[in-house]
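Quick note: the coordinates plus some simple rules give every number you see, no bench work behind them. Predicted, not measured: the structure shown is a model, and the values here were computed from it. Reconstructed Cβ throughout: ideal geometry from the backbone, glycine too, with neighbour counts over all protein chains shown.
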Amino acid sequence: MDPETGELRKRTFVVTRFDPDKDQVPKTQTYEVACRPDWKVLDALNHIKDEIDPTLSHRWSCRMAVCGSCGMNVNGEPKLTCKTRLADYGDVVEVEPLANFPIVRDLVVEMDGFMEKFKAVKPWMIVAKEKAAEEGPNRQSPEELSVFKQFSMCINCMLCYAACPVVAKEPHFLGPAAIALGHRYNMDSRDEGAAERNEVFRGEGTVFHCSYANECSEVCPKNVDPASAVNQAKLNAVVDWATSFVVKRNG
Amino acid sequence: MSRASHPQAMTPHRPGSTRTAPPQVPDTFWSQSRMRTYLLFDATGIPYMLVGLLVLRVAFALGRGPEAWAELLQEFSHPLYLAFHVLALVSVVFVGVRFFRLFPKAQPAKLGPVKPPPRPVLHAGLYVAWIGVTLALLVVLGGLWP
């Protein structure tokens, strides 16, 4: 239904298809769909799968921009398809898998490389000595929390990797979300692992590959602003390196 | 409808059992408005490089004496040179505005005990400093002071 005329609007969806058992390279397939005015792109994809072509593969789960599963390139731009309104698009909508990721099938991408980068930044609390339970909880003031809270809101949707021009060219680059998460722990007053992570930041996938295109922050659906984290992490990594000449580190 | 990314982009060190298609970027990746702006930003390096070469030329002309200097000034009044200097000025303004927009959020929330000022203050401060330094240079180089 068009909001004004009350009618369904016919749209053409140009969808990337890839079957690893049959195709050498991805191809596109076109679907004509009569769309309701309140539909999101994900609604149209689900309609295609349910009513037109059950062989179409795509990831999705929560439908409320929380799980981060349904990231795809819509008309060339990385989007969470569950919060991307069809009303904002014309009659032709091109849906592709997230850019810069190997394609497993149709709109589903390989996530293992992303998980490896995540693991590399040690995204967990590192402490020299575990606190005994009797000593009570680790307390943190609202001011201490505010330093990193923004960077902890990431839902791992990988849109920032699909938007980053450096990820497209530098396979070793740790990338926006992983660096933002590492930086989040470095800024956490309860953590003691900043020196370890800064070594990772200066290592093979160095934060200094980032050219501050700011694309990651532009496409981030949760306003995490990974570009801010990456560029703060650059300065911290340099300060940490300089400090290491003056202050002796344990181990 | 896509172009290839780096073939190893986002690939795991140990490949999975399923064969995958290589990573791609949309054809439109480099022509989207934001990316175009970023590429323009990168391209401003060319006028900067040329300005650097011109500065060397100025230094050599100064070293060769008043005649060479007068000759160079005559050459610089050519419309092509004037157009180039306008382009260089536009490049500087473009990079300055972009840098000022992005600089505040690259500041650490805290560096030791020191906290940077709020982002809007930092943003405004950069513009004030830029305009102030430009005016000071105009006054000094224009011979108005001392």
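A few points about this structure:
- Among A:Trp124, A:Trp241, B:Trp145, a tally of other beta-carbon atoms within 10 Å of each Cβ gives an order, fewest to most, of B:Trp145, A:Trp124, A:Trp241.
- Centroid-to-centroid separation of region A:57-74 and region B:20-37 [C-alpha atoms, Å]: 20
- Amide H contacts under 5 Å for B:Gln24: A:Asn100, A:Phe101, B:Ser5, restricted to partners 5 or more places along the chain or on a different chain, H placed in the peptide plane at 1.01 Å from N.
- Taking chymotrypsin sites (Phe, Trp or Tyr not before Pro) across region A:130-196, none is in a DSSP loop with at most 13 further Cβ atoms lying within 10 angstrom of its Cβ.
- Cross-link pairs beyond the 22 Å C-alpha cut-off, checked among A:Lys129/B:Lys110; A:Lys27/A:Lys79; A:Lys83/A:Lys222: A:Lys129/B:Lys110
- With at most 12 neighbouring Cβ atoms within 10 Å, loop trypsin sites (Lys or Arg not before Pro) (DSSP) excluded, longest segment of chain A: A:140-247
- Rounded tilt (10° steps) of A:226-243 against the dominant C-alpha axis of chain A: 20
- Alpha carbon centroid spacing (whole Å) that separates region A:99-152 from region A:191-251: 14
- Taking Cα atoms only, the orientation of helix B:119-141 departs from the longest principal axis of chain B by about 30 degrees.
- Per-residue HN-Hα couplings for region A:12-22 [Karplus 6.51, -1.76, 1.60; θ = phi - 60°; Hz; x = Gly/Pro]: 9, 9, 9, 10, 6, 10, 8, 10, x, 7, 10
- Loop trypsin sites (Lys or Arg not before Pro), region B:40-125, which have at most 16 other Cβ atoms in a 10 Å radius of their Cβ (DSSP): B:Lys110
- Taking chain B and dividing mean pair separation by its residue count, relative contact order in percent (alpha carbons under 8 Å, at least six apart): 14
- In chain A, the calculated helix contribution to ellipticity at 222 nm averages -7500 deg cm²/dmol per residue, counting -39,500 (n - 2.57) for every DSSP H run with n ≥ 4.
- Residues A:Thr16, A:Thr243 in ascending order of nearby Cβ atoms (within 10 Å, fewest first): A:Thr243, A:Thr16.
- Overall, region A:119-202 carries a charge dipole of about 280 debye about its Cα centre when +1 sits on the Cβ of Lys and Arg and -1 on the Cβ of Asp and Glu, all other atoms neutral.
- For region A:194-205, 3J(HN,Hα) per residue [Karplus equation, 6.51 cos²θ - 1.76 cosθ + 1.60, θ = phi - 60°, Hz, x = Gly/Pro]: 4, 4, 4, 5, 5, 5, 5, 4, 8, x, 4, x
- Computed from backbone phi with θ = phi - 60° and the Karplus coefficients 6.51, -1.76 and 1.60, the 3J(HN,Hα) list for region A:169-182 is 10, 10, x, 7, 4, 4, x, x, 5, 5, 5, 4, 5, x Hz; x is used for glycine and proline.
- Percent RCO, i.e. relative contact order, over chain A, from Cα pairs under 8 Å lying at least 6 residues apart: 16
- Annotation: amide H-H contacts under 5 Å for A:Val109 (H modelled 1.01 Å from N, sequence separation of 5 or more, or interchain): A:Val104.
- Inter-site label distance for B:Leu89 and A:Thr243 at 7 Å from Cα along Cβ, in nm: 4.5
- Taking amide H as placed 1.01 Å from N in the peptide plane, the amide H of A:Asn214 sits under 5 Å from none that are at least 5 places away or on another chain.
- A dipole drawn for chain A from +1 and -1 charges on Cβ atoms has a positive end, and of A:Cys62, A:Asn46, A:Val95 the residue lying farthest that way is A:Cys62.
- Counting only Cβ charges, +1 for Lys and Arg and -1 for Asp and Glu, the dipole size of region A:102-251 around its Cα centre is about 200 debye.
- Kirkwood Rh (inverse of mean 1/r, distinct Cα pairs), the protein assembly as shown, angstrom: 24.6
- For region B:4-86, diffusion coefficient by Stokes-Einstein and Kirkwood Rh (Cα), 25 °C, 0.890 mPa s, µm²/s: 140
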